[in-house]
């Protein structure tokens, strides 16, 4: 089993390298009569040391008994260490700036957004301590960027 998983991870890594360092795939399934819409996807990018980093997103969660479609989507979020600050980039299409909220609790960022039926929520473990009060953000074309200056 582990040999197969290793081969799968190697394949994903190769795909990410061939497509400019990142490979993303997503699917949407829905039943308009029941109002159910499932969104699930994953992103693979090559991290430090050439190791693949796989991040899932969407509103399909596994509760141990099988997949469950949640009302809240998990957005795709990337974290970049840019020296003096951390840059958090999140894909939040279909919401407005005033719909986006973030909260910092020690080294965890809680990001959420709600507009109509669009609901997003994601917890991000930060790679360094930050100064929450000095955070700046911007939102354009469905992409939210948050700059968090590092604590000194």
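Just so it is clear, none of the values below were taken in a lab; they were calculated from the coordinates. Predicted, not measured: the structure shown is a model, and the values here were computed from it. Positions of Cβ are backbone-derived with ideal geometry, glycine not excepted, and every protein chain shown enters the neighbour counts.
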So, in the range 93-152, of the ones that are touching a residue at least 24 places away in the same chain (Cβ under 8 Å), more than 16 Å from residue 75 (Cβ to Cβ) and outside any strand (DSSP E or B), which residue ends up nearest to the chain's Cα centre (by Cα)? 126
Name the single residue that is nearest to the chain's Cα centre (by Cα) among those in the range 68-92 being more than 21 Å from residue 141 (Cβ to Cβ) and assigned to a strand (DSSP E or B). 72
